[in-house]
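Undergrad: Here it is: the structure, laid out below.
The values are calculated or read from the model by the stated rules, or taken from the named source; none is laboratory data. Keep in mind that what you see is a predicted model, and the values were worked out from it rather than measured. Cβ sites come from the backbone with ideal geometry, for glycine too, and all protein chains shown count toward neighbours. Just so you know, the surface numbers come from the protein's heavy atoms only, side chains and all, with ligands and any DNA or RNA stripped out. Shrake-Rupley method; radii C 1.70, N 1.55, O 1.52, S 1.80 Å.
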Amino acid sequence: MEEPKWLEGLLRTNFFSICPQHRETPRNECNMFCLSCQNAAFCFYCRSSFHIDHPVLQIRRSSYHDVVRVSEIEKALDIRGVQTYVINSARVLFLNERPQPKNSSHGAASSTPKTMSYFCETCCRTLLDPFRFCSLGCKVEGMRKNKEEEEERLRKERQQETHKGTHPPTHTSNSRRRKGIPHRAPLAS
């Protein structure tokens, strides 16, 4: 996944504070993010004033965690591999990693029948379906890690290729083979 410039800013932004310019108005919480400006979160009124023709994501809350509708973010970003959920009849995904529940028994023996378990490749959170990541943030971290591992593998391969020509020549398998079957002297009787 090639990361767009705005993605890091989106994942680091704190949403749902009160807009300083519109403190006394309703709908003044900063729950929007502009993909063009890539600045901070802003409110409904700021969008109307400063971001009218810009691509904007509206961030929502689910159990005190930031989510975005799949229908909005998939227009701007490849979200394959990220677990999605239906919340208030809308399909959403979490922006960032969430803490594991305290009663989580990841890897522990259980008295319930064995079922297939799926885990986030980054944070090991239990997933409901066979996805690779629990959130957009975990996908970004996982993709960066995979890219670093791939670059390291390629670096080692190039290094091995470079050193192949510097080793002294080894003998071929034919150079040490005997030149025929040894003959013994006839037995004396």
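Undergrad: To the nearest 10 square angstrom, how much accessible area does His163 have with a 1.4 angstrom probe?
TA: Probe radius 1.4 Å; accessible area of His163 about 90 Å².
Undergrad: Using amide H atoms built in the peptide plane, which far-off residues or other-chain residues are under 5 Å from Phe119 H to H?
TA: Residues meeting the amide H criterion: Leu127.
Undergrad: Considering the options His22, His54, Phe33, tell which one lies farthest towards the positive end of the dipole of the range 1-71, charges being +1 on Lys and Arg and -1 on Asp and Glu at the Cβ, about the Cα centre.
TA: Toward the positive end, the furthest listed residue is His22.
Undergrad: Could you compute the FRET efficiency for Thr25 and Ser71, with r as their C-beta to C-beta distance and R0 at 30 Å, rounded to 0.05?
TA: Once rounded, the FRET efficiency stands at 0.65.
Undergrad: At what distance in nm do the modelled label points of Glu3 and Arg158 sit from each other, each positioned 7 Å from its Cα along Cα→Cβ?
TA: With each label placed 7 Å out from Cα toward Cβ, I get 2.1 nm.
Undergrad: Read phi for every residue in the range 148-160 and hand back ³J(HN,Hα) as whole Hz from Karplus 6.51 cos²θ - 1.76 cosθ + 1.60, θ = phi - 60°, with x for Gly and Pro.
TA: 4, 5, 5, 4, 5, 4, 5, 4, 5, 4, 5, 5, 5
Undergrad: Ignoring ligands, DNA and RNA, what percent of the accessible area of the range 15-62 is carbon or sulfur (1.4 Å)?
TA: 48 percent
Undergrad: Which length gain, in nm to one decimal place, applies between Gln58 and Phe119 when the Cα-Cα distance is subtracted from 0.36 nm times their residue separation?
TA: Full extension from Gln58 to Phe119 adds 19.2 nm.
Undergrad: Still on this structure, please answer the following. Can you tell me, using C-alpha contacts under 8 Å and at least 6 residues apart, the relative contact order of the range 8-151 as a whole percent? Let's see the in-between values first.
TA: On the way: 206 pairs, mean separation 23.0, N = 144.
Worked out over the range 8-151, it gives 16 percent.
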